[in-house]
Amino acid sequence: VDAQVGRLIEALDRLKLSNNTIVIFTNDNGGEWLSNNGPLFNRKWTVWEGGIRVPALVRWPGRIPRGTVSDQVGITMDLTASILAATGATVPPETRLEGINLFPIWEGKAPKTERTLFWRTNVGGHSQKAVRGGDLKLVFDGNHTFIFDIRTDPGERRDLAGRRQDAALKLRELLADWERDVDAEAGQKSK
């Protein structure tokens, strides 16, 4: 993969298309069961960091400074909003994009923004849900509830549920609201 991505970048440079081409290299989930996602916990098909946190490399010479590292929290759906904005595409007002345009942040034109993100999965009858608000993440795994400070504990090993019940209740409410919205929208589309 490295060699082929290198060939692609060389071709863009040789054809003088680099400044007008956005190259994004990422993944949609953590590694499979044989992967080492360390120091993150768990793997693909889970809402734990090892299942959802992935690296992303974005190249847009002349727009994103070379060597820039961003700790802006993002989600794959942000790529849709970002690419639409970068191309100047008109998005119909009734469209509910689930992401935000990250390019102004990556370009250094806008400050990092706090995000609230949601996940849920049900694989093999095992239900998991999570919500991240700022640095705090609430995880429901089966009948267990956890809360973690992802900034200081990305491996999700120090459960703060006993000490951060205020945050757990707030995040639980946000998750319930999100699920109602998603389920209602899914119900409308199936009619």
Connecting every pair of Cα atoms under 10 Å apart in the chain and solving the GNM, the largest mean-square fluctuation among ARG163, ARG63, ARG172 falls on ARG163
So the carbon and sulfur contribution to the accessible area of the chain, 1.4 Å probe, in percent, is 53
Given unit charges at Cβ for Lys, Arg (+) and Asp, Glu (-), the dipole magnitude of segment 7-61 about its Cα centre in debye, nearest 20, is 140
Once LEU169 and THR152 are pulled to full extension, the length gained, defined as 0.36 nm per residue separation minus their Cα-Cα distance, is 4.0 nm
With all protein chains present and a 1.4 Å probe, the order of GLU98, GLU49 from largest accessible area down is GLU98, GLU49
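List the relative contact order of the chain as a percent without decimals, with contacts defined as Cα pairs under 8 Å and 6+ residues apart. Please list the in-between numbers first.
Numbers: 258 pairs, mean separation 27.1, N = 191.
Once normalised by length, the contact order is 14 percent.
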Over segment 121-163, with neighbouring protein chains present, the accessible area per residue in Å² at probe 1.4 Å is 49
Partner lysines whose C-alpha sits under 21 Å from that of LYS129, ignoring same-chain residues fewer than 8 away, are LYS44, LYS137, LYS170
For Cα extents along the principal axes in Å the list reads [x] 56, 41, 34; [y] 49, 38, 35; [z] 54, 43, 31; the calculated value is entry [x]
In nm, the gap between the two label points placed 7 Å beyond Cα toward Cβ at ALA56 and ILE9 is 1.9
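Would you mind working out the magnitude of the charge dipole of the chain relative to its Cα centre, with +1 at each Lys and Arg C-beta and -1 at each Asp and Glu C-beta, to the nearest 20 Debye?
Working: 27 positive and 25 negative charges, 59 e Å.
Rounded to the nearest 20 debye, it is 280 debye.
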Among VAL23, VAL47, VAL69, the residue with the largest mean-square fluctuation in a Gaussian network model of the chain built from Cα contacts under 10 Å is VAL69
Once all protein chains are kept in place, LYS137 shows an accessible area at probe 1.4 Å, nearest 10 Å², of 0
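Rounded to the nearest 20 debye, what is the charge dipole size of segment 113-188 about its Cα centre when +1 sits on each Lys and Arg Cβ and -1 on each Asp and Glu Cβ? Intermediate results must be reported in sequence, preceding the final value.
Numbers: 13 positive and 14 negative charges, 54 e Å.
Dipole about the Cα centre, nearest 20: 260 debye.
The values are calculated or read from the model by the stated rules, or taken from the named source; none is laboratory data. Because the structure is predicted, anything quoted here is derived from the model rather than measured. All Cβ positions, even for glycine, are placed from backbone atoms using ideal geometry, and neighbour counts span all protein chains on display. Areas reflect the complete protein model, heavy atoms only, side chains present, ligands, DNA and RNA absent. Shrake-Rupley method; radii C 1.70, N 1.55, O 1.52, S 1.80 Å.
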